[in-house]
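Asker: Here you go, one structure.
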Amino acid sequence: MHKIEPGMYLARPIPLPNDPYRFLLQRDREIPMDMVPRLKQLGILEVWVRHRGLEFLEDIIDEGLSDRQRDIYIGVRQNFETLMRDITAKMEFSQFQGLISNLFSFLKGHAGSNILLQKLDAFDNYLVSHSANVSYLSLLVGMKLDRYLIDERRYKTAREAKELHLLGLGCLLHDVGKIKVPKAVLNKPGRLNDEEMAEVRRHTSHGYEMVKGRIPATAAQIVLNHHQRWNGTGYPPRIDTLSGEEMSPLGSSQIPVFSRIATMADVYDAATSKRCYSEAKLPVRILHEMRTHCRGFFDPVVESAFYGTVPPFPIGQVVDLCDGAQAVVVDFNANSPARPKVQCLRRPNGETIKHPSLEEIDLALYHDLEIASVDGQDVREWTKSQATHELDAALA
């Protein structure tokens, strides 16, 4: 939002945060500068603007996907808000299943296109938008793991093992237990004390009790186990069915594979979203931190699929190259994520390029060039770990 300048026109409409089927401004309208402070106040972090030579991006960012995301957001919001008012109210689980089925069908039908993350950050309810984002991201990753899902779910037929609609459903409801966590704790801007942290961690058990027996067990397990870690340091602990005593948490292949996918999607989306206690972080930084600070937390096979799905530099992001040129990301290179295709907008001397489509660079082919910064933040330290990961994968 801080980069908006007079004379910019919208390439996509701006949805009203609390009602995403209504729009604050329609596409092809000039953005009124006196409205920018209000947009920031509403929590809108970014908008799409028109730029000559980049019109093809409209085909990549499919609005059919946006429509399905809005459907999910509205459905989840209505149910969650009902529960917030009356915890004994009935949740419409059948509606959730229909929404996920529609989204999954859309993704399968567009498997050959470049569908990348479209977070719902502009919407005003974090719990709802986070749930929708995690569901969407998990489906994208799950679609890359066909063979692995069959291997990890041997007790199922091959077709049943790939029941990704259950993955999506479980992820959509993964944080529903937070409805029972006191708002003062959930929205505390500072560090939580031990007692408050214990209260937050109970959301997995709260959520499981809310959905158990009401949705398929495969989806319910995601609600319970999406904070389990590959190295066995997650939560909640297991409970011995005979003695009632606590046991160590699940670890490694004990964790259901759908929960392992949800864990990565949950961590990523939470860290790249604006929260009451932290600003949103750049995707390239979070992917670096997940590789380094979270080492051992994630299933290595799921990690590989995740890093081949989630771009460090999303399409449409404006970046500065190490030679001083300014460019925009136009394609994702799954084999070398930190080196996407870009189109130059300004030359190193500051000269504006009239036809960016004639200045496309595949950074994977030009090792003397790299993305140096995004929005004034030097990102080279964060891309190093990704380059190391790519080398390790090539040598494996």
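Asker: Filtering segment 190-205 down to residues that are assigned to a helix (DSSP H, G or I) and more than 14 Å from Y235 (Cβ to Cβ), which residue is least open to solvent (accessible area, probe 1.4 Å)?
Answerer: Ranking the candidates gives E196 first.
Asker: Please go through segment 313-336 and pick out each residue that is free of Cβ contacts under 8 Å to residues at least 60 places away in the same chain, of a type in the set (A, V, I, L, M), open to solvent by less than 40 Å² (accessible area, probe 1.4 Å) and farther than 13 Å from A372 by Cβ.
Answerer: Residue satisfying the conditions is V329 alone.
Asker: Would you pick out the residues in segment 263-291 that are closer than 12 Å to H130 by Cα and among the small types (G, A, S)?
Answerer: Correct list: A265, A270, A271, S273.
Asker: Moving to a separate point now. Among the numbered conditions (1) open to solvent by less than 30 Å² (accessible area, probe 1.4 Å); (2) closer than 28 Å to M1 by Cβ; (3) of a type outside the set (S, T, N, Q); (4) in contact with a Lys or Arg (Cβ under 8 Å, 6 or more places away or on another chain), tell me where A364 comes up short.
Answerer: In the conditions (1) open to solvent by less than 30 Å² (accessible area, probe 1.4 Å); (2) closer than 28 Å to M1 by Cβ; (3) of a type outside the set (S, T, N, Q); (4) in contact with a Lys or Arg (Cβ under 8 Å, 6 or more places away or on another chain), A364 misses (2) alone.
Asker: Output the residues belonging to segment 326-336 that are closer than 12 Å to I315 by Cα and assigned to a loop (DSSP other than H, G, I, E, B).
Answerer: Listed by number, the residues that qualify are F332, N333.
Asker: Step by step: first the residues of segment 234-261, then only those that are surrounded by 10 or more Cβ atoms within 10 Å (Cβ to Cβ) and among the hydroxyl-bearing types (S, T, Y), then the one that is farthest from G142 (Cα to Cα). Which residue is that?
Answerer: S248
Asker: Moving on to the next point. Counting just the residues of segment 55-89 that are open to solvent by 70 Å² or more (accessible area, probe 1.4 Å) and among the basic types (K, R), which one comes out modelled with the lowest pLDDT?
Answerer: Filtering segment 55-89 for residues that are open to solvent by 70 Å² or more (accessible area, probe 1.4 Å) and among the basic types (K, R), the one modelled with the lowest pLDDT comes out as R85.
Asker: Do we have I215 as touching a Phe, Trp or Tyr at 6+ places or on another chain (Cβ under 6 Å), surrounded by 16 or more Cβ atoms within 10 Å (Cβ to Cβ) and touching a residue at least 60 places away in the same chain (Cβ under 8 Å) here?
Answerer: In short, yes.
Asker: Among the residues of segment 148-160, is there at least one that is in contact with a Cys (Cβ under 8 Å, 6 or more places away or on another chain) and not in a helix (DSSP H, G or I)?
Answerer: No, segment 148-160 has no match at all.
Asker: Here is a follow-up. Can you tell me which residue within segment 283-309, out of those that are over 17 Å from Q228 (Cα atoms) and open to solvent by 30 Å² or more (accessible area, probe 1.4 Å), is farthest from the chain's Cα centre (by Cα)?
Answerer: T292
Asker: Additional query: Just to be sure before I move on: is N187 under 22 Å from the mean Cα position of the chain (by Cα), open to solvent by 70 Å² or more (accessible area, probe 1.4 Å) and modelled with pLDDT under 95 in the structure I sent?
Answerer: yes
The values are calculated or read from the model by the stated rules, or taken from the named source; none is laboratory data. Remember, predicted model here, so these are calculated numbers, not experimental data. Glycine also receives a Cβ, built like all others from the backbone with ideal geometry; neighbour counts cover every protein chain displayed. Heavy atoms of the whole protein, side chains included, go into the accessibility calculation; ligands, DNA and RNA do not. Shrake-Rupley method; radii C 1.70, N 1.55, O 1.52, S 1.80 Å.
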